[in-house]
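Participant: Here's a structure for you.
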Amino acid sequence: MWGERIERLRMRTVPIEEVELETEDTKTFIFRDNICLSARPGQYVMVWVPGIDEVPMSLSTINRRGASSVTVRRVGEATEALHMKKKGDIIGIRGPFGNGFELVKGRGLLVGGGIGVAALAPLAEQLITVGAEVSFVLGGRSKDLLIFLRRLEALLSGVGELVITTDDGSYGTQCFASTAAKEMMKEKCFDTVYTCGPELMMVDVFKEAEKYRIPVQASLERFIKCSVGLCGSCAIGEFRVCVDGPVFNSELLRAVVDELGKTRLDASGRRIKVEK
Ligand SMILES: Cc1cc2nc3c(=O)[nH]c(=O)nc-3n(C[C@H](O)[C@H](O)[C@H](O)COP(=O)(O)OP(=O)(O)OC[C@H]3O[C@@H](n4cnc5c(N)ncnc54)[C@H](O)[C@@H]3O)c2cc1C
Ligand code: FES
């Protein structure tokens, strides 16, 4: 038990087994790491890009024939350096960290926007395995930027529901993922809503679910440095996203509602506005 806890904290260097291009700005990096095989959907790893930085990334596959992956959107220095990596290059992995999603049987509504879909895809797979009913809203700015479209079509075909939304109407319904989710909550009874993506989308989904008293699990993003609850960089209200989250249930979301979608700390600890 302690051995595994300590091992989780230790940086393991692993070769990249495969790199898959998902969209013009997003790639999946597949690697093998024994400790990640027993991760829960929604947990994250700290990915070390040698010489550059260490950044938090959700596991986007867990134990697919012994391999795991992270799916990375290129936004800045570390993710750009990661995107330059090829099969065989070395990265470092610490974790998995955080609580992850709690699997609830019954009818689940999963609402993913942009790169947030990375954390929800393994959740959808495990929910189906435990016999839950899955309705998945997959949202993106345009068809070309939808993450895991084919993977989710294959997974949900015949066993679940996939609703696609794009901001520009190039595929699926032209609206935000949260707008489609709100319509679905009106029409059907769901036992749990799971969401990951832009914070303003998650706030919208959470507020609507509150009207119907549907329990929500939302994966939050804050600036993660230590990942073990020590530095305070990821604080939201009285909680730390790195260890109390990243998945917040309705009770915790209510406790941080004053900050949710409004403010967060930046890399230097300054309070800034949440932009999306
Ligand atoms: C729990 C969690 C899971 C995440 N999962 C994914 C994922 O699966 N795929 C993905 O592409 N991104 C994910 N992210 C976001 C990812 O960590 C940032 O995009 C990345 O760190 C940016 O680093 P950069 O050097 O490329 O960009 P920078 O130019 O340094 O920063 C760009 C923006 O990224 C954010 N960021 C930078 N460093 C961090 C950090 N250490 N912690 C949190 N946010 C940071 C900040 O908002 C910053 O404004 C996740 C974040 C968290 C907190
Ligand atoms: S990242 Fe240091 S306390 Fe959360």
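Participant: Within the range 54-85, work out how many residues are within 16 Å of ligand 2 (Cβ to nearest atom) and either of a type in the set (Val, Ile, Thr) or closer than 17 Å to SER219 by Cβ (or both).
Facilitator: Within the range 54-85, residues that are within 16 Å of ligand 2 (Cβ to nearest atom) and either of a type in the set (Val, Ile, Thr) or closer than 17 Å to SER219 by Cβ (or both) number 4.
Participant: Please find, among ILE6, ILE35, the residue that is modelled with pLDDT of 95 or more and β-branched (Val, Ile, Thr).
Facilitator: Checking each option against the conditions leaves just ILE35.
Participant: For GLU20, are the conditions met, namely being more than 9 Å from ligand 1 (Cβ to nearest atom) and over 24 Å from GLU7 (Cβ atoms)?
Facilitator: Here the answer is yes, as GLU20 does meet what is asked.
Participant: Determine if the range 84-95 includes at least one residue that is of a type in the set (Gly, Ala, Ser), more than 14 Å from ligand 1 (Cβ to nearest atom) and either under 14 Å from the mean Cα position of the chain (by Cα) or under 30 Å from TYR212 (Cα atoms) (or both).
Facilitator: Among the residues of the range 84-95, not one is of a type in the set (Gly, Ala, Ser), more than 14 Å from ligand 1 (Cβ to nearest atom) and either under 14 Å from the mean Cα position of the chain (by Cα) or under 30 Å from TYR212 (Cα atoms) (or both), which makes the answer no.
Participant: So for the range 98-105 (the condition being among the hydrophobic types (A, V, I, L, M, F, W, C) and closer than 23 Å to VAL45 by Cα), does at least one residue qualify?
Facilitator: Looking through the range 98-105, at least one residue is among the hydrophobic types (A, V, I, L, M, F, W, C) and closer than 23 Å to VAL45 by Cα.
Participant: Then there's this: How many of the residues in the range 245-263 are more than 12 Å from ligand 2 (Cβ to nearest atom), farther than 15 Å from VAL274 by Cα and outside any strand (DSSP E or B)?
Facilitator: 6
Participant: Cβ-Cβ under 9 Å, sequence separation 6+ or interchain: first residue in the range 56-73 and open to solvent by less than 10 Å² (accessible area, probe 1.4 Å), partner within 16 Å of ligand 2 (Cβ to nearest atom) and of a type in the set (Ser, Thr, Tyr). Which pairs?
Facilitator: LEU59/TYR44; VAL70/TYR44; VAL70/SER58; THR71/SER58
Participant: Taking the range 122-137, which residues are buried (at least 24 other Cβ atoms within 10 Å of the Cβ) and of a type in the set (A, V, I, L, M)?
Facilitator: Of everything in the range 122-137, those that are buried (at least 24 other Cβ atoms within 10 Å of the Cβ) and of a type in the set (A, V, I, L, M) turn out to be LEU123, ALA124, LEU127, VAL137.
Participant: I've got another one for you. Residues in the range 30-55 that are within 17 Å of PRO15 (Cβ to Cβ), open to solvent by less than 10 Å² (accessible area, probe 1.4 Å) and under 19 Å from the mean Cα position of the chain (by Cα): how many?
Facilitator: Residues in the range 30-55 being within 17 Å of PRO15 (Cβ to Cβ), open to solvent by less than 10 Å² (accessible area, probe 1.4 Å) and under 19 Å from the mean Cα position of the chain (by Cα): 4 in total.
Participant: Can you pull out every residue in the range 74-93 that is touching a residue at least 60 places away in the same chain (Cβ under 8 Å) and either buried (at least 21 other Cβ atoms within 10 Å of the Cβ) or not charged (D, E, K, R) (or both)?
Facilitator: GLY88, ILE90, ILE91, GLY92, ILE93, listed by residue number.
Participant: Regarding VAL257, is this residue touching a helix residue (DSSP H, G or I) at 6+ places or on another chain (Cβ under 8 Å) and of a type in the set (Val, Ile, Thr)?
Facilitator: no
Participant: Tell me, yes or no, whether the range 138-158 has at least one residue that is open to solvent by 10 Å² or more (accessible area, probe 1.4 Å), within 21 Å of GLU102 (Cα to Cα), within 16 Å of ligand 1 (Cβ to nearest atom) and assigned to a loop (DSSP other than H, G, I, E, B).
Facilitator: No; the residues of the range 138-158 include none that is open to solvent by 10 Å² or more (accessible area, probe 1.4 Å), within 21 Å of GLU102 (Cα to Cα), within 16 Å of ligand 1 (Cβ to nearest atom) and assigned to a loop (DSSP other than H, G, I, E, B).
Participant: Another one. Of all the residues that make up the range 230-244, how many are assigned to a helix (DSSP H, G or I) and charged (D, E, K, R)?
Facilitator: So the answer is 1.
The values are calculated or read from the model by the stated rules, or taken from the named source; none is laboratory data. Here the structure is a predicted model, which means the values were calculated and not measured. Glycine also receives a Cβ, built like all others from the backbone with ideal geometry; neighbour counts cover every protein chain displayed. For the accessible areas, the whole protein counts, side chains as well, though only heavy atoms, and no ligand, DNA or RNA atoms are used. Shrake-Rupley method; radii C 1.70, N 1.55, O 1.52, S 1.80 Å.
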